[in-house]
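The values are calculated or read from the model by the stated rules, or taken from the named source; none is laboratory data. Model, not experiment: these values are computed from the prediction. Positions of Cβ are generated from backbone atoms using ideal geometry, with glycine treated the same way; all protein chains shown enter the neighbour counts. The protein model used for the area step is the full one, side chains on, heavy atoms only, and it has no ligands, DNA or RNA in it. Shrake-Rupley method; radii C 1.70, N 1.55, O 1.52, S 1.80 Å.
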Amino acid sequence: MKVGVKIMPRNEVLDTQGRTVGAALKRQGYEVEDCKVGKFVILDLKGEDSSKVMEQASEIAKSILCNPLIESFETVELS
Amino acid sequence: MSLKEKLDLYRLNQDEYKMICEKLGREPQGIEWALFSSLWSEHCSYKSSKRHLKKLFREGPRVLESFGENAGVIDLGQGERIAFKMESHNHPSFIEPYQGAATGVGGILRDIFTMGARPLALANYLCFGDLDAPRMTTLVDGVVRGIGGYGNCVGVPTITGQTEFHSSYNGNILVNAFALGYFGKNDGVFLSKAKGIGFDVVYVGAKTGRDGIHGASMASESFEDGDESKRPTVQIGDPFLEKLLIESCIEVMNLGLVDSIQDMGAAGLTSSSFEMASKGQVGLDLELDKVPLRDSTLTPEDILLSESQERMLLICEPQKVDSLKEVFLKWGLDATVIGKVKEERKVSLFWNGDRLAEIDPDILVEEAPEYDRNYDPWDSLNKKEKIQFDSEKINLEELKSYQGSTRSWIYDQYDQRVGANTARDCSGSIGVIQLPESGRALGIVLGCRPHVMRHDAWIGGADAILYPSIELSIKGFEPLAVTDCLNFGNPEQKSVMSEFVASLEGLNLSCQKMKTPIISGNVSFYNESNGDNITSTPSTGLVGLRDSLSYIPADRFQEEGSQIILIECPQVLLSGMRAENKGRDLEFTGELNVQEVSRWCEKLKEMVLKESPLSTRIVGKFGLSYALSRMSMDSVSANCNLNEGEFSGEKLYQVLVEVKKSKSEVWINKMDARVIGETQATGVLVLNKETQFQVSELRKLYKGGLSDVMGAQ
Amino acid sequence: MSRVGVLRFPGTNCDLDVFRAIEDLGHEACWIWYANPFEEREYDSYVIPGGFSFGDYLRAGAMAAQSPAMDSLKKAVKKGAPVIGICNGFQILCEAGLLPGALVRNEKLRFIDRWVELVDQNKEIYSLPIAHGEGRFYIEEDGLKELRDKDQIWLTYKDNPNGSISDIAGIKVNSVSALMPHPERAMKDWMGGTDGRRFFECL
């Protein structure tokens, strides 16, 4: 089962990439209010029970994929 | 909130509270609590160390700026000057290694270019625990990537360093960052004392966010279990923004648009504004609502305490502000007037017209408490009449240990050549750069050997200056000046404070005798977790000068058929690192005569400059056998006939020199040296008839160790 | 003696190094600020130095490729002007479409700083230092075939440090050449070698 894990910098923490990309887009003439840059990880996990698989994905995200000090994550079921 | 709760929150004790009430003539109110909390913290006020730091040897004909400014400045002659300093970022690196190390590099760079010096080189002094201790490989990996990630992007080469491993650092790693900057003939030195009544106070750089709020107080506290909650105040560094800041600041300085400038480091806007005012003996009116914010929910207290990175505070004549803003705009940075300099010696903080506080800056800066922590006069407990060494076969497995193997896994991740000024990089015993205008050579080396500190703190402190001085001298460099980073445990414990005072005495005496003043420095206390203190580690950064880049002796044997000479100034014999690793007691015999070692060091330098030996090396950890094997790593190896006794322990001090046969007489006579062998190109290292090693095997051992463990990450 | 335009972006680090190297070889080096378009007739050739333009955020060279100076450079290239891209310069040229392929993260995912041996089209060997985190050259099958057929592979690594396809360290397509190693760091003996001097020959 495929699960997506969206990892973004936490709101209070400085997003250096987002800041720079946003400024570059503004310079190109786009009216950008804010920009955040994160990561999207796709996990293909064994299992039929979707709630169990999502739980496992969350565990993986919490313990390995995400640095809770500076990032937050969201899991997303993929078809 | 009760008084006790408030004192706990702002990390002040009862005595400090009483002092504050006396000085203000009343109880502190509102944001005054936050001001005292940060500026009277250990990290900002140096309250436990100040009285001892005052005794340091700081004078010299080359010293242009010293303590009291962001970094020390040394005159190199010919119009060239350098600024350098070293700083710790131990506690943040233990919590978040990448960002802790990265912001450590960023912070020390700002201390350099805030004076108008273009950063020329970086170095770092790292102490880690056992690699199998919890989290340790993650910490090593994070710290190295953080230093590389920041230094490489900001475009300053990392050219030397030192990495130590010992279990005493298991709960507290040390990350000390050193930076050096350069002033050419036409470059001015910029100071931080605010002056110019009526001048504008300008904030430049990144917008302010929640980074590191209460960070300065955190560094003044030890770790205890359950500290996961000390997040989420991690400061995030942006080396790209720092690069923009370096270029824009140097540009406005060159255009004569800046009067004085200071970076916002620990305690952010608070420390920079109060310190600038106090040093300049002026006052400031600051409108906190004008501070550019990344997060509009920040309160005035948050703004004062935020440690968002890559920000500077500068003083500018009102008629020059528009030109100044233009330059920063070009580089994409904020430059906002947030206040004015005034004559009345008070810093007044405003928020949308309301005055939140008005304090004489001296109260917070000059009049911060000074403690006389208890210590005992130094007692060399490990001193013995004689040391017994177990007879053991030399096996050079030490080459594979964490302490003895190559650090290339680490420094291959650092850009060592950006700037195209690097002559000797991290693979050498010292870092060497070419000075941009005169083409002369500058040598940089870091000092302090924790295992020597564990033998004896006084000797370890002296060694922290003498050992790197010898390293510079045997390459023909004249040691000029010193910066230091004093990493110790809990100063409220007598044993720690005693080591602090003793090592500082040894260090200071050595600086006096070597004529190398201490021009800047940093103290990091409370490196303690769950009651365990680190090895007292007074790390040092030394800089040396040499007229030419030519004929700098190599670190390894160069030619077959040369003579290997051993030169000694034998004062002390340590049981050494080998004995320590085997679990034996640390012992030493002898007395370190700093004066004599200094004279010998000077003589060595003169000889090297006159005779240009092929290669030189100081004998350090693991003693003579290890040093000979390190020198034999290329295609030329040693062929000696030494007895086993020569390989026991570590002598302070010994130096190996490789000279052409025809030149050895001079060395033997002038330096009271002896020939211990010859070089050969047989691929075999011969210590004596019974002890021989294949160089290919030695290379394999040396390239393993640290690299094997970390490479598997 | 030619007038060489040296491009500068926010975050470019090796600009002063390249400037000095060019002047050392007897040319006149001139700065080109990324935000300003320029007239092609002002310069005889161009160098895009290494560094971390825009912090290497998003992708190395991605934001730098979209700037007014690069638009002018594209016009100059159409007229056959020689351009050398070094390290970040190589990345910017690929992102700008002036060279085929892309530079991605080193295979072992770490920044690598070391001296390497390079082989050129005449099978001669040179030593230059590399220092990069995203130096792995990637190109699709068809693109690689074209590079080979047209003899556009300028330099290859003797001992591939970063997983580049076909050991490619530098390519040359018409008047545009680029390499990951840093020739400006190998100009004098005390730097560790002088093999860098010949790489600016096309200027």
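Would you mind working out the accessible area per residue for the stretch A:2-77, using a 1.4 Å probe, and quoting it in Å²? Show your work: numbers first, answer last.
Values: 4780 Å² over 76 residues.
Value for the stretch A:2-77: 63 Å² per residue.
Please list the three semi-axes, largest first and in whole Å, of the ellipsoid equivalent to the stretch C:30-125, using sqrt of 5 times the eigenvalues of its alpha carbon gyration tensor.
On the way: eigenvalues 122, 67, 26 Å².
Whole-Å semi-axes of the equivalent ellipsoid: 25, 18, 12.
Please find the FRET efficiency linking B:R51 to B:Q281, where r is the Cβ-Cβ separation and R0 is fixed at 25 Å, and quote it to the nearest 0.05.
Values: r = 23 Å, r/R0 = 0.93.
Between B:R51 and B:Q281 the formula returns 0.60.
B:I95: accessible area at probe 1.4 Å, nearest 10 Å²?
Approximately 40 Å² for this residue.
Could you tell me which of rounded, prolate or oblate describes the stretch C:64-203, using a ≥ b ≥ c as the square roots of the eigenvalues of the alpha-carbon gyration tensor, with rounded for a/c under 1.5 and, failing that, prolate when a/b is larger than b/c and oblate otherwise? Please report the intermediate quantities before stating the final value.
Numbers: a/c = 1.41, a/b = 1.23, b/c = 1.15.
It is rounded, given that a/c, with a ≥ b ≥ c, falls under 1.5.
In the calculated pair distance distribution of the stretch A:2-77, what percentage of Cα-Cα distances lie above 19 Å?
On the way: 1303 of 2850 pairs.
Result: 46 percent of Cα pairs exceed 19 Å.
Could you please put C:H27, B:H455 in sequence from largest to smallest accessible area, using a 1.4 Å probe? Provide the component values of the computation, followed by the final result.
On the way: C:H27 40, B:H455 5 Å².
Sorted by accessible area, descending: C:H27, B:H455.
Please give the solvent-accessible surface of B:R599 in Å², to the nearest 10, using a probe radius of 1.4 Å with every protein chain present.
We get 150 Å² for B:R599.
Across peptide B:419-432, what mean number of C-beta atoms from other chains lies inside 10 Å of a residue's C-beta?
Numbers: counts 5, 15, 6, 5, 5, 2, 5, 1, 1, 0, 0, 0, 0, 1.
The shielding value for this peptide is 3.
Of the cross-linked pairs A:K26/C:K145; B:K85/B:K660; B:K610/B:K651, which ones have a Cα-Cα span greater than 30 Å in the structure shown?
Numbers: A:K26/C:K145 39 Å; B:K85/B:K660 39 Å; B:K610/B:K651 26 Å.
Flagged as over cut-off: A:K26/C:K145; B:K85/B:K660.
With contacts defined as alpha carbon pairs under 8 Å and 6 or more residues apart, what's the relative contact order of the stretch C:3-201 in percent? Present the calculation step by step, with values, prior to reporting the outcome.
Numbers: 433 pairs, mean separation 37.0, N = 199.
Averaging sequence separation for qualifying contacts and normalising by length gives 19 percent for the stretch C:3-201.
Using a/c under 1.5 as the rounded threshold, could you call the stretch B:378-468 rounded, prolate or oblate? The axes a ≥ b ≥ c are square roots of the C-alpha gyration tensor eigenvalues, and prolate needs a/b larger than b/c, oblate otherwise. Display every interim value, and only then the final one.
Values: a/c = 3.22, a/b = 1.72, b/c = 1.87.
Oblate shape, in that a/c is at least 1.5 and b/c is the bigger or equal ratio.
When the gyration tensor of chain B is built from Cα positions, what are the square roots of 5 times its three eigenvalues, in whole Å, from largest to smallest?
Ellipsoid semi-axes (Å, largest first): 46, 27, 22.
With solvent modelled as a 1.4 Å probe, how much accessible area in total do chains A and B shield from it at their shared surface, in Å² to the nearest 100? Please report the intermediate quantities before stating the final value.
On the way: alone 5940 and 26040 Å², together 30850 Å².
The summed interface area works out to 1100 Å².
Roughly speaking, what is the stretch gain from B:E343 to B:D132, that is 0.36 nm per residue apart minus the C-alpha to C-alpha distance, in nm to one decimal? Could you put the intermediate results ahead of the total?
Values: separation 211, 0.36 × 211 = 75.96 nm, distance 5.85 nm.
Length gained, B:E343 through B:D132: 70.1 nm.
Say R0 is 35 Å: what FRET efficiency, to the nearest 0.05, do C:D142 and C:W115 get from their beta-carbon distance? Please list the in-between numbers first.
Working: r = 34 Å, r/R0 = 0.96.
Efficiency for this residue pair is about 0.55.
Nearest 5 percent is fine: what portion of the DSSP beta bridges confined to chain B is antiparallel?
DSSP beta bridges in chain B are roughly 80 percent antiparallel.
Quick one: length gained pulling B:T682 to B:E596 fully straight, 0.36 nm per residue minus the C-alpha distance? Please list the in-between numbers first.
Values: separation 86, 0.36 × 86 = 30.96 nm, distance 3.88 nm.
Full extension of this stretch gives 27.1 nm more.
In whole percent, how big is the carbon plus sulfur part of the accessible area of the stretch A:2-77, probe 1.4 Å, protein atoms only?
On the way: 2360 of 4780 Å².
Looking at the stretch A:2-77 in its full context, I get 49 percent from C and S.
Hey, if we sort B:R135, B:R110, B:R630 by accessible area with the 1.4 Å probe, largest down, what's the order? Kindly include the intermediate steps, with their values, before the conclusion.
On the way: B:R135 105, B:R110 5, B:R630 45 Å².
Largest to smallest exposure gives the sequence B:R135, B:R630, B:R110.
So which residues in the stretch B:234-273 end up with at least 20 square angstrom less accessible surface once the other protein chains are there, compared with the chain by itself, probe 1.4 angstrom?
Hits at the 20 Å² cut-off: B:V234, B:I236, B:D238, B:F240, B:K243.
Of C:C30, C:C202, which has the most accessible area and how do the rest follow, probe 1.4 Å?
Numbers: C:C30 15, C:C202 60 Å².
In descending accessible area the options line up as C:C202, C:C30.
For the stretch B:541-648, how big is the tail of P(r) above 16 Å, as a whole percent of Cα pairs? Spell out each step's value before the answer.
On the way: 3952 of 5778 pairs.
I get 68 percent for the Cα pairs in the stretch B:541-648 exceeding 16 Å.
Before we go on, tell me the buried accessible area for the B/C pair, both chains summed, 1.4 Å probe, in Å² to the nearest 100. Please report the intermediate quantities before stating the final value.
Working: alone 26040 and 9810 Å², together 33550 Å².
Approximately 2300 Å², summed over both chains.
Of the candidates C:G26, C:G133, C:G50, which one comes out as most mobile in a Gaussian network treatment of chain C with C-alpha springs shorter than 10 Å?
C:G26
Expressed as a fraction of 2.2 N^0.38 Å, the rule-of-thumb size for a compact globular protein of N residues, what is the C-alpha radius of gyration of the stretch B:464-621? Walk me through the intermediate numbers first.
Numbers: Rg = 17.9 Å, N = 158, 2.2 N^0.38 = 15.1 Å.
Cα Rg divided by the expected 2.2 N^0.38 Å: 1.19.
Which residues make up the longest stretch of chain C clear of GluC sites (Glu not before Pro) that lie in a DSSP loop with no more than 12 other Cβ atoms within 10 Å, not counting the sites? Before the final figure, lay out each step's value.
Numbers: sites that count: C:E39, C:E124, C:E140, C:E201.
After excluding every exposed loop site, the longest remaining stretch is C:40-123.
On a 20 Å Cα-Cα criterion, which of the cross-link pairs B:K207/B:K325; B:K384/B:K513; B:K47/B:K342; B:K243/B:K325; B:K621/B:K703 come out too long?
Values: B:K207/B:K325 15 Å; B:K384/B:K513 26 Å; B:K47/B:K342 29 Å; B:K243/B:K325 17 Å; B:K621/B:K703 17 Å.
Beyond 20 Å: B:K384/B:K513; B:K47/B:K342.
If I require 18 Å or longer along the helix axis, counting alpha carbons, and a Kyte-Doolittle average no lower than 1.6, what helices from chain C are left? Use full DSSP H segments.
Numbers: long enough: none.
Sorted by number, there is nothing, because no helix extends far enough and scores high enough.
Using DSSP to define loop residues, name the GluC sites (Glu not before Pro) in the stretch B:536-604 whose beta-carbon has at most 16 other beta-carbon atoms within 10 Å. Could you put the intermediate results ahead of the total?
Numbers: sites: B:E559, B:E560, B:E568, B:E580, B:E587, B:E591, B:E596, B:E602; in loops: B:E559, B:E560, B:E587, B:E591.
In loop regions of the stretch B:536-604 (DSSP not H, G, I, E or B), the sparsely surrounded GluC sites (Glu not before Pro) are B:E559, B:E560, B:E591.
For the stretch C:3-201, with every protein chain kept in place, what is the accessible area per residue (1.4 Å probe, Å²)?
Details: 8060 Å² over 199 residues.
Ligands and nucleic acids excluded, the result is 40 Å² per residue.
In the stretch B:615-647, whose amide N lies under 16 Å from the spot 7 Å out along Cα-to-Cβ of B:E392? List them in ranges.
Backbone N within reach: B:621-627, B:644-647.
Roughly how big is the C-A contact, given as buried accessible area in Å² (both sides, 1.4 Å probe, nearest 100)?
On the way: alone 9810 and 5940 Å², together 15100 Å².
Buried area between the two chains comes out at roughly 600 Å².
At 7 Å along the Cα-to-beta-carbon direction for both B:R440 and A:E74, put a label point, then send me their distance in nm to one decimal.
Output for this residue pair reads 6.1 nm.
For chain B, with every protein chain kept in place, what is the accessible area per residue (1.4 Å probe, Å²)?
Details: 24420 Å² over 713 residues.
Per residue, chain B has an accessible area of 34 Å².
For chain B, what's the relative contact order in percent, using C-alpha pairs closer than 8 Å and at least 6 residues apart? Walk me through the numbers on the way to the answer.
On the way: 1733 pairs, mean separation 107.2, N = 713.
For chain B, the relative contact order is 15 percent.
May I have the convex hull volume per residue, in Å³, for the Cα set of the stretch B:562-713?
Working: hull volume 21.4 nm³, N = 152.
It is 141 Å³ per residue.
Do you know which residues of the stretch A:1-50 lose at least 20 square angstrom of accessible area in the protein assembly compared with their chain on its own, with a 1.4 angstrom probe?
A:R10, A:E12, A:V13, A:L14, A:T16, A:Q17, A:R19, A:T20, A:V21, A:A24, A:R27, A:Q28
Using every alpha carbon pair in the protein assembly as shown, what percent of pairs falls into each 20 Å bin from 0 up to the bin containing the largest distance?
13, 44, 35, 8, 0
If you roll a 1.4 angstrom probe over the protein chains with everything in place, what fraction of the accessible area of the stretch B:327-461 belongs to carbon and sulfur, to the nearest %? Don't skip to the answer; put the middle values down first.
Working: 2500 of 5590 Å².
Here carbon and sulfur together make up 45 percent of the probe-accessible area.
Given the Cα-Cα distance of B:K689 and B:D354 and 0.36 nm per residue of separation, how much length would full extension add, in nm? Display every interim value, and only then the final one.
Values: separation 335, 0.36 × 335 = 120.60 nm, distance 8.51 nm.
Length gained between B:K689 and B:D354: 112.1 nm.
If you average the sequence gap of Cα pairs under 8 Å that are 6 or more apart and divide by the length of the stretch A:2-77, what percent do you get for the contact order? Let's see the in-between values first.
Values: 98 pairs, mean separation 38.2, N = 76.
The normalised contact order for the stretch A:2-77 reaches 50 percent.
Quick check: at a probe of 1.4 Å, how many percent of the accessible area of the stretch B:1-111 sits on carbon and sulfur atoms?
Working: 2120 of 4270 Å².
Roughly 50 percent, rounded to a whole number.
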